[in-house]
Structure formats: structure tokens, C-alpha cells
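**Q** Have a look at this one before I ask anything.
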Amino acid sequence: MEQANPLRPDGESKGGVLAHLERLETQMSKSRKQSEEPQSVQAQEGALGTKIHKLRHLRDELRAAVRHRQASVKASIANVEPNLAVEMSEQEVLEEKLENVKAVLQAYRFTGLSSKLTSRGVCVCINTAFEGNLLDSYFVDLVIQKPLRIHHHSVPVFIPLEEIAAKYLQTNIQHFLFSLCEYLNAYSGRKYQADRLQSDFAALLTGPLQRNPLCNLLSFTYKLDPGGQSFPFCARLLYKDLTATLPTDVTVTYQGVDALSTSWEEQRASHETLFCMKPLHQVFASFARKGEKLDMSLVS
């Protein structure tokens, strides 16, 4: 029996046609996928780009928030730390001030300053002197706290204690004590000279010595020969510098005389010079020794 020919007239078998169709379908599917892939990739890239943009924006916002937070924290620390440091070191500062006061008083113990500790702080005693003579003593009771303050004192009211304290007490205790000593020693020195003039040379005075409480303005009349007929001198001494024991302005005139001879005028001018250069009692000691003759060696 004769078999059927599996080949078609075009020479292709049935199985070959089906396989060829499958290959064509596969190629078409691949072509379709390849044509769709660029669109898909584009869509994915667009979505990723949008996401990246959003993430970058969020990152910038977070960075800005972190910087703001850091700045706030630093500002808070800057405000808190000084106050905390002040509170913590306040006692140390007061202790240091007390030690400074002790050191200053120790250094000045040979210059008329002495002290003793009190429950509040320290009490300073200022011993004044002039030409080696010990004179009056004054005290200042200091409270060692913040700020430093004066609890009690015996300084005369006409000494500018409040002004000196306002300038130096809080910033330089050494300068405060030094300045106060200057004022008190100068006052005691001027008072000492006036007292010596009244007590030791009353015979040369023709009237009372006039002086103000601060002893920085003195006026008096005197004669070089108490029993003679010479005209009395009138003297006015002004101490503008309250830390000085010598006058800054001196005026000597004759009482009851309009015109003077040249020699008398020279003597009057010499008296003015002496009063400016030497302590008051030293000038009168020279007058007493020499009588009418002026000891001009004091001028040199």
C-alpha cells in the first residue's frame, strides 16, 4: 500500500509551518515588548526623578531644621553658662577679694595701715603722721560681699570718702586705701601745722588764726617783732589740692599800709615764697630765731 506524501506542493511540512508560525509569534511578542520597554523605562525614570526631587527637598528642609536647632542650643548655652559661672564663682570671687585685702594690708603695715578680721569682713585702721609725728587714727569697716561696701567708719565728713569709694572700692581695693590715706594724712598734716602755729608761735600772731574744718584755708596776721613798730603782715593760705600739705595759693599783704618801700615789698614777696615751700611752723620757727631778719636759707 502506498504511503501519503507528508510534503505539500510548496515543499513545507505541516509541522514546519506550525513551528514557523510560533517563531513569528515569538518575534512579534519580542518586538512588542521591545517597543514597550522604552516607554516603561521613560515612565520609571520620570517617577524616580520626581521621587529624587522630593527626597532632596526633604533633605534640605531637614538640614535647615538641624542648623536652626543647633543655633538655638548654642544661644541657650551662651545665655545659661555665664550666669551659671557667675553663680558658681561668686564665692570664689569674694574669697579672692578678701585675700587681696589681706595682702594689701600686709604690704602697707609699715605705712600706717593695720587691720583685723571681723564677722562681716575686715576693719582697716589708718594711722596718720606728719614729719615723723604720729597723729590721729581713723577706721573703715569693710563688708566683704558683692559689691564691697563700707559698714561703718570714723572718717571726717569733709573727706570725700564716698567719692573715693565710688571710683576705686569695687575695682581696686589697693588704690582705694592708698587714696584715702593720702587725703587723711594731708588733712592731719595741715591741721598739725595750724595747731603748731597757734600753740608755739602765738607771740608772733596779732590776731586769731582762722581756719575751716578741712584746714585747707588759713588766714592770720603776724609781726616779726612783736614789741616793735613794724606793720603786721596779713597772710591767706589756700590748699586747693586736698592731698597736699603745702598751699597752692599764698597771698601776703601789709595791714594798714598803701605803699611800701622796696625792701618791705621784697620781704613780703619772700614770705609768700616761704609759705609755698615750707611747712607753716617751720617758717615761723625761722621768724622767731631771726627776729626781723628773714632766714632766706629756707627758700633754697
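**Q** For Pro147, work out the one condition from (1) in a helix (DSSP H, G or I); (2) open to solvent by 10 Å² or more (accessible area, probe 1.4 Å) it doesn't fulfil.
**A** Going through (1) in a helix (DSSP H, G or I); (2) open to solvent by 10 Å² or more (accessible area, probe 1.4 Å) one by one, Pro147 breaks only (1).
**Q** Go through the residues of the range 152-162 one by one and say whether even a single one is surrounded by fewer than 19 Cβ atoms within 10 Å (Cβ to Cβ), outside the structural domain of Pro279 (by the TED database) and in contact with a Leu (Cβ under 6 Å, 6 or more places away or on another chain).
**A** Within the range 152-162, one or more residues are surrounded by fewer than 19 Cβ atoms within 10 Å (Cβ to Cβ), outside the structural domain of Pro279 (by the TED database) and in contact with a Leu (Cβ under 6 Å, 6 or more places away or on another chain).
**Q** Can you name the residue in the range 210-224 that is more than 41 Å from the chain's Cα centre (by Cα) and closer than 19 Å to Arg268 by Cα and is also modelled with the lowest pLDDT among such residues? Walk me through how you get there before you give the answer.
**A** First, the residues of the range 210-224 that are more than 41 Å from the chain's Cα centre (by Cα): 210, 219-224.
Next, from what is left, pick out any that are closer than 19 Å to Arg268 by Cα: 219-224.
Numbers: Ser219: 97, Phe220: 96, Thr221: 94, Tyr222: 92, Lys223: 88, Leu224: 82.
So, considering only residues that are more than 41 Å from the chain's Cα centre (by Cα) and closer than 19 Å to Arg268 by Cα, the one modelled with the lowest pLDDT is Leu224.
**Q** So, one more: When you look at Ala165, is it part of a helix (DSSP H, G or I), closer than 24 Å to Phe130 by Cα and among the small types (Gly, Ala, Ser), yes or no?
**A** Spelling it out, it is not the case that Ala165 is part of a helix (DSSP H, G or I), closer than 24 Å to Phe130 by Cα and among the small types (Gly, Ala, Ser).
**Q** To continue, here is another question. Which pairs do you get when a residue that is closer than 17 Å to Asn133 by Cβ and at pLDDT 90 or above, found in the range 275-300, comes within reach of a residue that is β-branched (Val, Ile, Thr) and not in a helix (DSSP H, G or I), reach meaning Cβ atoms under 9 angstrom, with the pair 6+ apart or on two chains?
**A** Lys278/Val299; Pro279/Thr245
**Q** Hey, another quick one. Anything in the range 173-209 that is polar (S, T, N, Q), open to solvent by less than 20 Å² (accessible area, probe 1.4 Å) and out of contact with any strand residue (DSSP E or B) (no Cβ under 7 Å at 6 or more places or on another chain)? List them, or say none.
**A** Ser179, Gln193
The values are calculated or read from the model by the stated rules, or taken from the named source; none is laboratory data. Source: prediction; values computed, not measured. All Cβ positions, glycine included, derive from the backbone under ideal geometry; neighbour counts span all protein chains shown. Remember, those area values only see protein heavy atoms, side chains included, never the ligands or the DNA or RNA. Shrake-Rupley method; radii C 1.70, N 1.55, O 1.52, S 1.80 Å.
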